[in-house]
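Any read-out appearing in this document is the output of simple, stated calculations on the displayed coordinates, not a laboratory observation. Computed from a prediction, not measured in an experiment: that's the story for all the values here. Every residue, glycine among them, receives a Cβ derived from its backbone with ideal geometry; neighbour counts consider all protein chains shown.
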Amino acid sequence: MGSSEKSVTKTIQMKIKILSAAMNDLYKGRLFYEKHGANVGEYFFDSLFSDIDSLMLYAGIHLKVFGYYRMLSKRFPYAIYYKIEKSSSVVVWRVLDLRRNPIRIRKELTKG
């Protein structure tokens with residue numbers, strides 16, 4: 001670059017909204033993992049929220065499945081289904097266990 005040229009980097013901070021259905025999914029998952037050992041449910045909750053927080057940087061890079069972006073959890077067999085609204089807002093619709101039948105997952109995502 002010449003001395004008169006400037007590099008401009010624009011950073012967009014994504015806002016994350018978690019719908020009540022997704023919070024309910026997280027709560028159910030936490031209860032499930034609580035049965036598997038001390039603090040496993042808390043670790044599940046913390047891990048999934050860490051994954052969701054990463055959407056501030058990585059929203060939109062994931063594959064679309066059933067009309068939603070799908071981010072796979074790093075530590076648990078769960079997927080975070082989300083949409084991007086107005087290019088600066090991420091809406092988390094569902095957080096679903098991938099051990100389910102895909103037909104059931106599709107039904108969960110199309111409930112409304």
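Annotations
- Qualifying positions in the range 59-69 - closer than 16 Å to V95 by Cβ and not small (G, A, S): H62, V65, F66, Y68, Y69
- Matching residues, the range 73-112, being within 27 Å of V40 (Cβ to Cβ) and among the hydroxyl-bearing types (S, T, Y): S73, Y78, Y81, Y82
- Condition broken by F44, with the remaining ones in (1) in a helix (DSSP H, G or I); (2) without any contact (Cβ under 8 Å) to a residue 12 or more places away in the chain; (3) not β-branched (V, I, T) satisfied: (2)
- Residue within the range 69-79 that is on the phi > 0 side of the Ramachandran plot and out of contact with any Gly (no Cβ under 6 Å at 6 or more places or on another chain) present: no
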